[in-house]
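First up is the structure itself, then whatever we jot down about it.
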Amino acid sequence: MKTIISAEKETINLAAEHIKGKLHEKSDTVLALCCGRSVRGLYARLLDMYSAGELSFSQARIFALTEFLDAPYNMSSRKQIYDDYFSKTDLKPENFIVPDVLNPEHYDALIESAGGIDLAVLGIGENGHIGYNEPATPFASLCHVQKLTDATRRQLEKLHESRQIPERAFTMGIKTITQARDIVLLAFGEDKSQAVHKMLYGRNDSAVPAAFLQIPLNVTLYLDEEASSQL
């Protein structure tokens with residue numbers, strides 16, 4: 001696991017260069033992308049790089065990492081990832097893929113048929129969740145529907161300025177995520193510092209789902225100084 005610590009803007013630039021390099025290396029890269037505060041700046045930077053002619057998504061495929069159940073459209077992965085950012089690039093609309101939340105097992109089959117995930121982009125929850133794999137999720141988990149903890153729903157209330165946070169969400173499982181050939185995780189702010197510490201130094205068991213990222217070989221953490229303050 002590689003850790004890069006810098007100011008937030010520089011950290012975002014470095015993470016964007018990481019993704020740019022992957023797209024240059026493999027134009028039909030398969031990306032798994034999450035939603036959330038930590039990645040908004042990254043997606044905006046990728047959009048700027050596309051507008052400047054630095055990269056292309058014309059052959060890429062994007063799988064949404066998570067999706068709420070029973071939520072308004074403005075909270076959906078399609079809105080937060082595709083409409084807000086990647087619809088403004090040359091990504092083919094049919095290559096932005098969202099899960100059928102009523103048939104989560106089918107998503108693993110779709111990922112496998114695409115050749116697997118080349119690069120997964122993650123955030124981390126304050127309780128150490130990745131995707132919406134909450135504490136106690138086993139390592140062997142595949143795509144599934146997860147009941148959200150109260151802690152996660154409180155965190156999401158701040159993000160969405162809403163108290164109508166769904167109780168359940170679809171998520172790629174921990175095994176699905178860790179099978180990605182390359183993984184980047186972004187974390188900013190002191191409120192993520194304890195989770196970052198546990199991710200790096202905790203036991204890789206289900207108490208801290210993010211600690212399972214100690215297992216894959218190609219994981220890069222992009223942190224600002226506040227998120228890394230407990231390291």
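Observations
- Of all residues in segment 82-106, those being of a type outside the set (S, T, N, Q), in contact with a helix residue (DSSP H, G or I) (Cβ under 7 Å, 6 or more places away or on another chain) and at pLDDT 95 or above number 5.
Here is a yes/no grid of residues against (1) at positive phi; (2) under 16 Å from the mean Cα position of the chain (by Cα); (3) among the charged types (D, E, K, R):
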{"residue": "Asn95", "(1), (2), (3)": "no, no, no"}
{"residue": "Asp100", "(1), (2), (3)": "no, no, yes"}
{"residue": "Asn103", "(1), (2), (3)": "no, no, no"}
{"residue": "His106", "(1), (2), (3)": "no, no, no"}
{"residue": "Ala109", "(1), (2), (3)": "no, no, no"}
{"residue": "Gly115", "(1), (2), (3)": "yes, no, no"}
{"residue": "Ile124", "(1), (2), (3)": "no, yes, no"}
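- Candidates in segment 63-93 are the residues that are among the aromatic types (Phe, Trp, Tyr) and closer than 17 Å to Leu46 by Cβ; of these, the one that is nearest to the chain's Cα centre (by Cα) is Phe63.
- Those residues of segment 36-57 which are assigned to a loop (DSSP other than H, G, I, E, B) and either modelled with pLDDT under 95 or surrounded by fewer than 14 Cβ atoms within 10 Å (Cβ to Cβ) (or both), in sequence order: Gly36, Ala52, Gly53
- Qualifying residue in segment 188-211 (condition: under 15 Å from Arg37 (Cα atoms), of a type in the set (A, V, I, L, M, F, W, C) and touching an Asp or Glu at 6+ places or on another chain (Cβ under 7 Å)): yes
- Positions within segment 146-204 being farther than 22 Å from Asn218 by Cβ, hydrophobic (A, V, I, L, M, F, W, C), assigned to a helix (DSSP H, G or I) and under 18 Å from the mean Cα position of the chain (by Cα), in sequence order: Leu156, Leu159
- Selection within segment 205-220 - over 16 Å from the mean Cα position of the chain (by Cα) and in a helix (DSSP H, G or I): Gln214
- Only a single criterion out of (1) at pLDDT 95 or above; (2) over 17 Å from Ala120 (Cα atoms) is not satisfied by Ala71, namely (1).
- Which numbered condition Glu225 misses (of (1) closer than 19 Å to Gln155 by Cβ; (2) in a loop (DSSP other than H, G, I, E, B)): (1)
The values are calculated or read from the model by the stated rules, or taken from the named source; none is laboratory data. From a predicted model like this one, the values you see are computed outputs, not experimental measurements. Cβ: placed from backbone, ideal geometry, glycine included. Neighbour counts: every protein chain shown.
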